[in-house]
Amino acid sequence: MTNSKTNVTELTEVTIRFAGDSGDGMQLTGTQFSDNTAIFGNDLATFPDYPSEIRAPAGSLAGVSSFQIQFSKLDIHTPGDDLNVLVAMNPAALKVHLGDVKDNGTVIINEANFTKKNLNLAGYDCNPLETDLLKNFQTVKVDMTKLVGTATEDLKLAPKLIARSANMFALGLVYWLYGRKIDNTVDFIQKKFAKKPEIVEANLRALKAGYNYGNTLELVKTTYHIPKAKFEPGCYRNMMGNQALAYGFMTAAEKSGLELFYGGYPITPASDVLHYLSGYKNMGVKTFQAEDEIAGVVSAIGAAYAGDLAITATSGPGVALKSEAIGLAVMAELPLVIINVQRGGPSTGLPTKTEQSDLYQAVWGRNGEAPCVVISASTPADCFYTAIEAARIALKFMIPVILLSDGYIANGSEPWRIPDVDSLPEFENHKTSDPDGYEPFDHSSEFLARPWATPGTPGLEHRIGGLEKWDGAGHVSYDPENHDHMLRLRQKKVDIIAEEIPDEVPYGEASGNLLIISWGGTMGSVRSAVEHIHLENKKVSHVHLRHLNPFPKNLGDIIKRFDKVLVPELNLGQLATMLRAKYLVPTIQMNINHGKPLKTSDVLNKINEILGE
Amino acid sequence: MTETITQPIKMTRKDFVSDQEVRWCPGCGDYAILAQVQKVMPELGVAKENFLIVSGIGCSSRFPYYMDTYGFHSIHGRAPALASGAKIANPELSVWVVTGDGDAMSIGGNHLIHTLRRNIDMNILMFNNRIYGLTKGQYSPTSELGKVTKSSPMGSLDYPFNPPALALGAGGTFIARAIDRDQKHSMEMIKRAHGHKGTSFIEYYQNCLIFNDGTFSDLTDKTTKDESVLKLEHGKPMVFGVKNSKGLRLVGSQFEVIELNGAFNIDDVFVHNENDKNLAMILSELTYVDHLPTPVGIFYVKDEPTYEDMVHSQIQEAVSNKGRGSLEQLFKSSNTWTVE
């Protein structure tokens, strides 16, 4: 269907950002492009970025919402650094994002919104479309709103609906630019707005108008082809981080034969975990939207005592409120998973922006000696397996587990190879119904897990709580020796897990000049940088930690085999400090706190700086 | 085929006494309440293993340790939230919360009101001694205005909560008051609370011998209690006083005392209706009125579906509409594509 006068150029990978006002439908546009790209067969990673205001004033800088996607014929790990294409639906979007566009990159603009009022709101003194601000870019200026109006003239639509359909025009134009079919989006629009035929028609016409606009006009001389990526054979779907957490815990419940209980209080960016789980009542999931963060975790502790696989999800400020109760779960030695989808802190901080600054809080943030297991997810799809791992550890070791995710991977998406259900392991737990020799705090099992006697089990009536317990019998004890013993025992319950988790295998050589250690959502950026540096035959290796407390038992040995250790983090050096404290090694910190994902190029620059020293 | 009929073993108070030494101050009102609960529980027809007693922090919250049932001594104020999670997880349990005026109404106020409005089936026994005992004598959210305590040497400046009014306002479906010293009546209240499916709230007037001794003495002393206590009984006139010589009549929306000695007779006395929420509100206002008797008994009771029943019926509804979900279906619930 491509116009015969247009050249088709093959590319390896492309990064596109759709940006506009909060009301312009950029998240929907981006999600549609992602789904279509995934079905086409590219590898991809996405990054939605939206304001914390629900409806910031229209046209303002604060109200700009964006959705970024990188797609490729290769295996990629991030949504990309700099942009090949920026779609800017209004002046504010152009102002906020133009700095991220590569030289000679494409900027697609909806001219309709470049009114005097919007220009003022964006802080432009004069219209950038009439200056040389865009001279280094390939600019496609289209009055999308007017063209949608023309395409829908006979429908006599309200001007507002016409304006709101301009995003589909932009999507159609980008589909054409990358030689993509529009069928999937046509299906989507028909299903999503099935009850509103007028909206279906407006959106379909806008989509087609955008596509045909590219096809028939010669504004753009070149379109692009990004061949399919080589994936491991299998059935795939797109997966977002918070969705993957929900799926992971439902899987863990099925595989452990337990019922899933979720207690929590809404908080950005964790609420989607609750939203997803509350939609799966036919899987038997019990969700409890509690009155506050404290009740969220405490209800989960009650459910854990009663025998459910109990979880709660929140973000940093919520974990602060839950801290005392997490200490109770430590004391009561109950299986519990606390998810922290981290966001910019401290205090209310940057609620919709990403950060990795709750590692100290997870490891140390409770009164008394209250060690918890801490693990972290590295990518949207990895959230699925990290959830399963968290549940497995909680149940096997009768212990609370903190699972760290972050806003970047929570809302980001990537293709996920659907696992074979039978290949996922079953879980063990410590439920007991045998009164013979029963003691509630019997720690004689291999991993010090106490028996899980749940209310309703005859003959095992017992009391637990937050006061210090006598080892074994579990009654309240102020005995000095017992207290010291129990503190050490609860610490040992965490430490012993290192014996059971797999050894780390560095990506790259086993020894060399530089080892990069990362955790959480920076995995993709660091891995991409290391892949790059390997092309130059440099001896840089990468360890990405899932297990943060305890660390894998061979981590110290790995560190010893490298001259230098670099720890890039979106905080002020929390993992770096923990590594220094534990292994007494100097660590080079790299800390960026922009509320944005780590850039591959920043890591690469830092590597080169260190190797050049 | 022979059928074996298992006769339930009759339980007694002893079955509910744990091996832990009770460590409340000698003479504490908590002893009486503990004994009442231990006497009532064997008679409720509930298997012992199905009792779960949850508490927060405070003198009263040591209660679970003294009961030979499942028990959870949680953290300050959070017992209703913990009990909620346990009850939703396993609706078969008979869940009891033991708490105090500080635990339930101060640090845990939020959990109390939200549990009441959700109507989760549990029995909340709030021991109200109008003082902080375990922290050694500060004023509580039910202490009277001007209370001189360690933390209020010139008198407290907080107006007190009125517990039945608070519970009514929160949407409670069973609201009662009992007095530690009146064993027979208290045991009746405990039975009724158990019989109510939904959140039952009993405010227990309980004497703290050490820090607030005698705060309820008007209601317990033989010489004064007849004049100061109004026992509410459904369908019966609100009489009190020595030989029930007095009654309450309603004038407008206010109660006033009438003497049943000729000018008024029993027909002039207002008849209690425990299902009338407006009446319950008016009665709750008698809590701090000096010239009127203090009501005890059931202020209000109403049957409403419970939260946990609705949780489980939504699950059943989802399963019957969509079928029991499987992981295979879940994983393939959106657009998929296959790579050969």
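FYI, it's all coordinate maths here, none of it is from the lab. Just so it is clear, the structure is predicted and the values come from calculations on it, not from any experiment. Reconstructed Cβ throughout: ideal geometry from the backbone, glycine too, with neighbour counts over all protein chains shown.
What whole-number distance in Å separates the alpha-carbon centres of the range A:481-548 and the range B:42-106?
Each part reduced to its Cα centre gives a spacing of 43 Å.
Determine the gain in length on full extension of the stretch B:Leu250-B:Ile9; use 0.36 nm per residue of separation and subtract their C-alpha separation, reporting nm with one decimal.
On the way: separation 241, 0.36 × 241 = 86.76 nm, distance 4.96 nm.
Extra length available between B:Leu250 and B:Ile9 comes to 81.8 nm.
Please state the Cα pair-distance histogram of the range A:488-562 with 10 angstrom bins from zero: what percent is in each bin?
Distribution as computed: 19, 44, 27, 8, 2 percent.
How do the peptides A:179-189, A:30-40, A:493-503 rank, highest first, by the average count of neighbouring beta carbon atoms within 10 Å per residue? Provide the component values of the computation, followed by the final result.
Numbers: A:179-189: 17.0, A:30-40: 23.2, A:493-503: 15.4.
Put in order of decreasing packing, that is A:30-40, A:179-189, A:493-503.
Rounded to two decimal places and with Rh computed the Kirkwood way over Cα pairs, what is Rg over Rh for the range A:7-225? Mind dumping the intermediate values first?
On the way: Rg = 16.3 Å, Rh = 17.3 Å.
Rg divided by Rh gives 0.94.
Just grab the label-to-label distance for B:Thr135 and A:Asn554, each label 7 Å out from Cα along the Cβ direction, in nm (one decimal).
So the label points at B:Thr135 and A:Asn554 sit 5.3 nm apart.
Taking a cut-off of 18 Å between Cα atoms, list the aspartates and glutamates near B:Lys277, but don't count ones fewer than 8 places away on the same chain.
B:Glu203, B:Glu233, B:Glu285, B:Asp303, B:Glu304
Could you line up A:Phe397, B:Phe299, B:Phe264 from fewest to most neighbouring Cβ atoms inside 10 Å?
Values: A:Phe397 23, B:Phe299 28, B:Phe264 15.
So the residues, fewest neighbours to most, are B:Phe264, A:Phe397, B:Phe299.
Rounded to the nearest 5, what % of the DSSP beta bridges within the protein assembly as shown are antiparallel ones?
Numbers: 46 of 135 bridges.
So the antiparallel bridges amount to about 35 percent of the total.
Percentage of Cα-Cα pair distances in the range A:244-500 greater than 33 Å, rounded to whole percent? Please report the intermediate quantities before stating the final value.
Working: 5253 of 32896 pairs.
Of all Cα-Cα pairs in the range A:244-500, 16 percent lie more than 33 Å apart.
With labels modelled as points extended 7 Å from the Cα through the Cβ direction, what inter-label distance (nm, one decimal) is found for A:Glu198 paired with B:Leu145?
Placing both labels 7 Å beyond Cα along the Cβ direction yields 5.8 nm.
Quantify how much of the Cα-Cα distance distribution of the protein assembly as shown extends past 45 Å, in percent. It would help to have the intermediate numbers written out before the result.
Details: 189835 of 453628 pairs.
Tail fraction, whole percent: 42.
With the cut-off at 24 Å, tell me which of the pairs A:Lys73/A:Lys102; A:Lys160/A:Lys181; A:Lys102/A:Lys538; B:Lys150/B:Lys222 have Cα atoms farther apart than that. Intermediate values should be presented prior to the final figure.
Working: A:Lys73/A:Lys102 20 Å; A:Lys160/A:Lys181 27 Å; A:Lys102/A:Lys538 27 Å; B:Lys150/B:Lys222 31 Å.
Over 24 Å Cα-Cα: A:Lys160/A:Lys181; A:Lys102/A:Lys538; B:Lys150/B:Lys222.
Mind checking the full-extension length gain between A:Thr432 and A:Asp75? Use 0.36 nm per residue of separation minus the Cα-Cα distance, one decimal, nm. Show your work: numbers first, answer last.
On the way: separation 357, 0.36 × 357 = 128.52 nm, distance 4.64 nm.
So the chain would gain 123.9 nm between A:Thr432 and A:Asp75.
For the range B:81-96, just list the computed ³J(HN,Hα) in residue order, Karplus coefficients 6.51, -1.76 and 1.60, θ = phi - 60°, integers in Hz, with x standing in for Gly and Pro.
So the J values, rounded to whole Hz, are 5, 5, 4, 4, x, 5, 5, 5, 5, 9, x, 6, 6, 9, 9, 10.
Springs between alpha-carbon atoms under 10 Å, Gaussian network over chain B: tell me which of B:Ser60, B:Ser143, B:Ser156 tops the mean-square fluctuations.
Between B:Ser60, B:Ser143, B:Ser156, it is B:Ser156 that shows the largest mean-square fluctuation.
Restricting attention to the alpha-carbon atoms of the range A:567-606, what are Rg (one decimal) and Dmax (integer), both in Å?
Rg, Dmax (Cα atoms, Å): 10.9, 31.
If I build a Gaussian network model for chain B, linking alpha-carbon pairs within less than 10 angstrom, which residue out of B:Arg324, B:Arg78, B:Arg13 has the largest mean-square fluctuation?
Result: B:Arg324 has the largest fluctuation of those listed.
Between the range B:260-279 and the range A:343-398, how many Å separate their Cα centres?
Going from one Cα centre to the other spans 61 Å.
Only counting other Cβ atoms within 10 Å, I'd like B:His76, A:His542 sorted with the fewest neighbours first. Intermediate results must be reported in sequence, preceding the final value.
Working: B:His76 18, A:His542 22.
Lowest to highest Cβ neighbour count: B:His76, A:His542.
Can you give the direction-averaged projected area of the convex hull of the alpha-carbon atoms in the range A:512-610, in nm²?
Working: hull surface 23.0 nm².
So the mean shadow area of the Cα hull is 5.8 nm².
Counting only DSSP beta bridges with both residues in the range A:1-129, what percent are antiparallel, rounded to the nearest 5?
On the way: 16 of 25 bridges.
Of all bridge pairs located within the range A:1-129, approximately 65 percent are antiparallel.
Give me A:Asp422, A:Asp81 ranked fewest to most by other Cβ atoms within 10 Å of their Cβ, as a rough exposure proxy. Numbers along the way, then the final one.
Details: A:Asp422 8, A:Asp81 19.
Arranged by neighbour count, lowest to highest, A:Asp422, A:Asp81 become A:Asp422, A:Asp81.
Using a basic spin-label model with each label point 7 Å from the Cα along Cα→Cβ, how many nm lie between A:Asp82 and A:Ala581?
Each label point lies 7 Å from its Cα, and together they span 4.0 nm.
Along the charge dipole of the protein assembly as shown, which of B:Gln314, A:Ala387, A:Met144 sits closest to the positive end, that is, farthest toward it, with unit charges on the beta carbon of Lys, Arg, Asp and Glu (+1, +1, -1, -1)?
Value: A:Met144.
For A:Gly465, what residues show an amide H to amide H distance below 5 Å, using hydrogens built from the backbone and excluding near sequence neighbours?
B:His73
Antiparallel DSSP bridges in the range B:1-151: what percent, to the nearest 5? Intermediate results must be reported in sequence, preceding the final value.
Values: 1 of 15 bridges.
Of all bridge pairs located within the range B:1-151, approximately 5 percent are antiparallel.
For the pair B:Glu21 and B:Glu233, what calculated FRET efficiency results from E = 1/(1 + (r/R0)^6), where r is the Cβ-Cβ distance and R0 = 45 Å, to the nearest 0.05? Write down the numbers at each step before the final one.
On the way: r = 38 Å, r/R0 = 0.85.
Taking R0 as 45 Å, the efficiency between B:Glu233 and B:Glu21 is 0.70.
If I stretch the segment between A:Lys596 and A:Lys181 completely, what's the gain in nm (0.36 nm per residue apart, minus their alpha carbon distance), one decimal?
Values: separation 415, 0.36 × 415 = 149.40 nm, distance 3.18 nm.
My answer for the length gained is 146.2 nm.
Which value, in nm² and rounded to one decimal, describes the direction-averaged projected area of the C-alpha convex hull of the range B:1-154? Don't skip to the end; give the middle numbers.
On the way: hull surface 45.2 nm².
Value for the range B:1-154: 11.3 nm².
What pairs from A:Lys195/B:Lys322; B:Lys147/B:Lys191; A:Lys208/B:Lys322 go past 31 Å between their alpha carbons? All intermediate terms of the calculation are to be shown ahead of the outcome.
Values: A:Lys195/B:Lys322 22 Å; B:Lys147/B:Lys191 34 Å; A:Lys208/B:Lys322 36 Å.
With Cα atoms farther than 31 Å apart: B:Lys147/B:Lys191; A:Lys208/B:Lys322.
Near A:Lys95, which lysines are there with a Cα under 23 Å away, not counting those fewer than 8 places off in the same chain?
Answer for A:Lys95, where 23 Å is the Cα cut-off: A:Lys116, A:Lys117, A:Lys135, A:Lys141, A:Lys146, A:Lys353, A:Lys596, A:Lys599, listed by chain and number.
Please state the Cα pair-distance histogram of the range A:437-529 with 5 angstrom bins from zero: what percent is in each bin?
Pairs per bin, as whole percents: 2, 10, 15, 15, 12, 8, 8, 8, 8, 8, 4, 1, 0.
Just tell me which lysines come within less than 22 Å, Cα to Cα, of A:Lys493; anything on the same chain fewer than 8 places away is out.
A:Lys322, A:Lys396, A:Lys431, A:Lys469, A:Lys553, A:Lys582
Once every DSSP H run of n ≥ 4 in the protein assembly as shown is given -39500 (n - 2.57) and the sum is divided by its residues, what mean residue ellipticity at 222 nm do you get, rounded to the nearest 500 deg cm²/dmol?
On the way: 30 runs with 312 residues, N = 953.
Computed ellipticity for the protein assembly as shown at 222 nm equals -9500 deg cm²/dmol.
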